Each structure stands twice: as C-alpha cells, then as structure tokens.
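What follows is one structure encoded as structure tokens, with my remarks underneath.
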Amino acid sequence: MTKKILSVILISMSMNVFAQRIFNMEDVFTSREMYPQSLRQLQFYAKTNAYVYVQGDLLQATAPYTETSVLVALTDLQIALAACGETVSSFPSIVYWLNEQEFYCYFRNKLFAYNIQEKKAELLFQMDKKANNIVWDYAHQRVSYTVGSDLMAGIFGQEAVRVNANQEKEVKYGHVVHRNEFGINKGSFWSPKGNCLAFYRMDESMVTDYPIVNTTTRIATLQQEKYPMAGQTSHQVTLGVYNVNSGKTIYMKTGEPLDQFLCSVTWSPDEQYIYIAVLNREQNHLKLNKYNVQTGDFVQTLFEETNARYVEPSDPLYFLPNNASQFIWVSQKSGYKHLHLYDVSGKEIKQLTKGNWVVMSFEGFSSKGDKVYFTSNKDEIVGQRFFVLDMKTSNIQPICNQEGTHTVLPSSDGKYFIDKYSSLHLPAKITIQNAKGKTLATILEDTIALKGFALPEVSIGMLKNNNGDSLYYRLIKPINFDPNKKYPVFFYVYGGPHSQLVTNNWMSGGHFLHYMAQKGYVVFTLDNRGTANRGFEFESTIHRRLGTVEVEDQMVGVKYLQSLPFVDTDRFSIDGWSYGGFMTLTLKLQHPEVFKVATAGGPVIDWKYYEVMYGERYMDTPQENPEGYKNNSLLNQVEKIDGHILIIHGAVDPTVVWQNSLQFLTEAIKHRKQVDYFVYPTHQHNVIGIDRVHLSRTA
C-alpha cells in the first residue's frame, strides 16, 4: 500500500538519548540556538559577481570566490549616521546598491545613502511613522505608501504628495485589495521609468460593517471591519494612474459589474499601456485587457480563460527584457501551473514549460533575456529546486539539483547564483552555483544545528487513495523509538488550498511537531486532495464540496497508521488551525471512533461566514450552492460530538471571524454537548510572538 520516496532519515540520534535535551518552547521563540546558522544580509554586491554579508560589526565582500575583504565597519556607518542625527546599534537593512561605492539602507521609516569611500551618509527620504503599503522604486528614486486611507507618492529629496484629491469615507487608495487573493500583495505600481504610479482605489462603502470588539480599553471599544461574506455585497475596485509630473490622475475604464476582480496589474515597458486581468465575481471567466494610460480607454482583450470551477490568476505579465512585444503569462489552463509565451496581440507563441509538475515561482530573466529562471517541484514533488529555461530550445536545465528546498538569488548578469537550501537531514547549506549548475564555492554549511538535542526520526512517504492519487505524508517517530512499544498519535492537519505541509526541508513541520515527538507521540501529517503544487484537478476537486474528499484522503492516512505495529489505535489526537481547524472538527465529528481528542484553532465552522474572494472560489455562493453549504456546515453536525474537543480562537480575528466558533458553542449548548474553549482576547487569526508559547501549552 505504501511506497517510500525518501529513505527513513535518522537525525542526530545517539545511544545516550536520555541525556539529550528536550525542546523548551520559550527557547524556540527567544534563542538563536534553536535555528541553523545563516549569513546576515547575504546578497550580490552591486552589479558584480561578488557577494556581501554582515559578519559581526563588519560588512564583508567576497570576490568570486576566494578573497574576503571588509567593505564597511559598523563604527564608520554609526559616525556617518550620527551626523544625520541617527543612532544605530547594528547594521540597518541594505536595500539597494547604487554602485560599488554607494548603497541605500533603511530603518525607522527613513532611507539613507551611504558612500563607502567618503564614509558619509545622506538622508534621502523620510516618511510618516504610520506609513504602510510601502512600494519602493530605488532605481528612479521613488516611493509610494499609505497613511490611513490616503496614498502618498514621494521623490527622494522632496516632500511626499497625496495622490488622491479627496479624503472619501470608506474609500481606500493604494491598499491591497480583494483581501490579498489572486497574488495581490501591493496596492500601487510604479511605471518602468518612474513617471507614473498606478494604484488601486477600493470603495468599501457598500460592504457590511463587521464588529470587532477591543476589550483592552476601560470601556470596550468597537472597531468596524469591512468583511464581505460569501453571497453578500463585495467592495468595488478601480485602477487609477497618477502622473508624477502633471499631478493628474486618470482611471482605467474597466467597466461593469463593479464587483469584479482586477488582478495581474502590469505596465507596458514604454509606459503607454496598463494590462489588467479582469476576473468576474464568479471567478470562472478571465479577460486579459489592455488600457490606454493617457485616456483610460479600453484597447483590447488579448485573450480569455474560462473554467467551470474557477480561474485563479497569480502573477503579473513578465515582459522579455530584449523584446517588449512579448511576455510570459503564468497559467494553470493546461492542468498544471506553467509558463506561456505570448505576444502583445494576444497570440500564444508557445507553452514554455510542460509536464505533470508545477512552476512554483517565476524568478526572472538572464540579462540578455534569452533564458528564464524558475523554481519548481519538477524532479521532487515535496521539494523546491531551481531551473533555467532556454527560450529558443525550451531546454530545461537544473541549476540546483540536490534533494531539498532551495531559495536562489541570481547575480545581475545571471552567471552566478546564491543557493540557500536545506533538507530533512541537512540544517542549512549556502553555495555559489554557475549557470550550468556547478558548485563553485560553499559559503556556509551547518550540519550540527540542534546538536545536543534529542531529535526524532523523520520520514516522508506516499500512499494511494481510492481515486489512484498519490498522497504524500510525513511521519515523525518518538525519540528513543522502540518498535515493540505502542505509541499514541498526534495527527496534524491543514488540508486546504495553497498549502503544502509535507516538504523536504529542515525541521519539516516546525519545532512544535518535533516537540510532540519528544513527548512520546507518533506525529503524522498528510497532504490531501485540495492542497497545492499537484495540479489543478488535484487542488480544485474540492470545488463546491469542502470537507469531503479531504476527509476521505486523511482517512487513508489513518488506515496506514492503524496498520503499523507500533501505533496505539485507541489513542489518536488531532490538531489544526484555520482550514485545519475546519478539517480537525470535521474529522472528529465524522470519525469519533478514531479521534479521541481534537484541538481546533480559528476554525471555519460554516463557510457562509467566510469572505467572498476565497469562499466563493471554492464553494460558489450560498444562493448557488445551498446543499454544499448545508452539508459541510459543522453547525449541522454538533449532535455527533463524542469525546474531548478544545476550540481556540482569537477574539479580534478578522480572517475567520469569532462568530464561527461562537455559533458552534451555541449549538453545542442547545444539544447539551460539552466543548472546551479558550480565547486569546488580543490576538487575530493566529497567536504570534511570545504568546505562542502559551498556545503550545494550551493545545
């Protein structure tokens, strides 16, 4: 039934395991000892092939790739910044190299330029202390940011100006829209030459106010959150273009209906046009539209994508640096997320990448524009490797091909790459690779992280469900494992879209899961249908029926565990947060004979309480899919409560609103069912910071 894809890996076990240390959860959040070694601010030096990093109080440079020299001493930088009225105790963030002698550094909402040879600093720009949604254009000395609902645009050395002429109630400018869905992670977009700023205008006046209560004040105060629930009125977004020189703003005529989604905002290289992927509210019909920046007029629809389930844009257009008439579009239309080459007329020239694997991220072009860099799970489903694609031949060459998870930074000319990676058995390794994938130098290798701690045995394997799909799982055995003993199970689940928990990296699953193994549990996690990086069919099969096939797949994992001689089948616990909280309660309610104890954090209880963008993508509206909403609502399953359930929720959660779990409690009381409950009064959708220690003890 099973097929191991990775050999079982024994990590730092010793014969004297009882003398080794066990994790202290406070140390996880406060002690550097708990994490592998790293190099601070490691990056390529200006447009050279040397790299720099901060070592102690020195900024050091290493030429390719042998000689290391000191570029800047912290004391020199401190003296220079003191002359500008600032004090620093450590190196601030180096955000941009102007040339080999000058860099920009940023801290306390101020941007400075530092000249290495002259040992002088200059204040370039200072923004409001309440600045948010910051977008830099260092090359053209521009910055945009929001203060409250307003959008500010700044040129280095000048005062920022407010872009929006009016301060309109319940209208936001330059903010992230559509609740961060569709790959949207910023609210404004500088043009290629810095002459114009495109920005979102989001009108939320028609959206229902959702009350969030702040109980830290003497008299509790009310914060209204604009929260468009599935099937209800959503916000309306338009896209404006502000001309820095004239001070005028033109809005793109994106038309109606007004509750559509404006995604993949991209400037044409000549700054004359804006491209927008316009997605209907039903999320099943996308049009890639072109608009005239000078007039806002619609020019043409380049192409359309439709799907009976949903279309989910995730990237902007990537124009070729050597050919402004062609661009790369990232799409799942072939069944897997791949790169497609188009021209500006909307003609698809060719599909650049193909296969039953996904492009996880587009990483850029070579300086000539003839090669494309991307990360993918092409050769390892549970890994992330780095590849280069030849645009002419479509030949794909791995640059970083060791098993594990790679994060790669190319040099400016694409000849060299800084590769940071780890795996189940390797805490951290940083190398310099050339374009052919040859390792030129090892900058850092940490093979002894957590030395002295009792670390459990971790393995990744694969199961098959009844549909024939491969399901990958992670199994962490208790320390001092004895195959002749019976161990309880800690079953950790998420199971929702955009997630992949089973990955080949160091401390896979995080310290807490390894801590549970140290406490004597078999710790198990499985990525079911509905999770990411397995293709559109695998992820979208949950459409209109959340909590069905995911449960079927998780039960495949249960049956596998029950077949293991060292598992105590009478002692299964389950834990999960957010979508994982929904899955935890669903599994507990449907299979109380298996799961004796359940802990659900921030759980979605009924999808009609969730927001439009995410909720309607996977469930459609309650009006369109009443049976689907009825079937997966946990409010309709409360009578099945059997055993111990603990629900945890943040009282000011703006993502999975508190109403979800409170409604579950109400139904439990009606049905005379006992549920344990814990509230974090000041936390939002998750418990972060040092309070996470408290959470680990609560759960």
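The values are calculated or read from the model by the stated rules, or taken from the named source; none is laboratory data. Bear in mind the structure is a predicted one, so any value in this text is a computation, not a measurement. Don't worry about glycine lacking a Cβ; one is built from the backbone with ideal geometry, like all the others, and counts go over all protein chains shown. Quick note on the areas: whole protein, heavy atoms, side chains included, nothing else; ligands and nucleic acids left out. Shrake-Rupley method; radii C 1.70, N 1.55, O 1.52, S 1.80 Å.
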State the answer as a single residue: which of 151, 243, 695 lies farthest towards the positive end of the charge dipole of the chain, with beta carbon charges of +1 for Lys and Arg and -1 for Asp and Glu, about the Cα centre. 695
Stretch gain in nm, segment residue 109-residue 58, where the contour uses 0.36 nm per residue and the Cα spacing is subtracted: 16.0 nm
Give me the accessible area per residue for the stretch 8-161, probe 1.4 Å, as a whole number in Å². 53 Å²
With a ≥ b ≥ c taken as the square roots of the eigenvalues of the C-alpha gyration tensor of the stretch 517-582, please select rounded if a/c is under 1.5 and otherwise prolate if a/b is larger than b/c or oblate if it is not? prolate
Skip the ligands, DNA and RNA, and give the accessible area per residue of the stretch 623-699 with a 1.4 Å probe, whole Å². 52 Å²
Protein accessible area in the chain, 1.4 Å probe - carbon and sulfur %: 47 percent
How far apart, in nm, are the 7 Å Cα→Cβ label points at residue 258 and residue 679? 3.6 nm
Quote to one decimal, in nm, the extra length available between residue 221 and residue 441 on full extension: 0.36 nm per residue of separation minus the C-alpha distance between them. 73.4 nm
Given 579, 208, 399, which one lies farthest toward the positive end of the charge dipole of the chain, if we put +1 on the Cβ of every Lys and Arg and -1 on the Cβ of every Asp and Glu? 399
Per residue, how many Å² of accessible area does the stretch 200-246 show with a 1.4 Å probe? 49 Å²
Once you put a point 7 Å from the Cα of residue 185 and another 7 Å from the Cα of residue 297, both along the Cβ direction, what distance in nm separates them? 3.7 nm
With a ≥ b ≥ c from the Cα gyration tensor eigenvalues, square-rooted, and the rule rounded for a/c under 1.5, otherwise prolate when a/b > b/c and oblate otherwise, the stretch 327-384 is oblate
List 486, 436, 110, 248, ordered by accessible area with a 1.4 Å probe, largest first: 436, 248, 486, 110
Given 477/519; 477/559; 287/608; 420/519, the pairs whose alpha carbons are separated by over 22 Å: 287/608; 420/519
About its Cα centre, what dipole magnitude does the stretch 451-607 give when the only charges are +1 on Lys and Arg Cβ and -1 on Asp and Glu Cβ, stated in debye to the nearest 20? 320 debye
What size of dipole, in debye to the nearest 20, comes out for the chain about its Cα centre when the only charges are +1 on Lys and Arg C-beta atoms and -1 on Asp and Glu C-beta atoms? 840 debye
Pick out, from 228, 365, 614, the residue whose Cα sits farthest towards the positive end of the charge dipole of the chain, with +1 on the Cβ of Lys and Arg and -1 on the Cβ of Asp and Glu. 365
Nothing charged except the Cβ atoms of Lys and Arg (+1) and of Asp and Glu (-1): what's the magnitude of the dipole of the stretch 59-149 about its Cα centre? Round to the nearest 20 debye. 400 debye
What's the FRET efficiency of residue 397 with residue 672 using the Cβ-Cβ distance as r and R₀ = 56 Å, to the nearest 0.05? 0.30
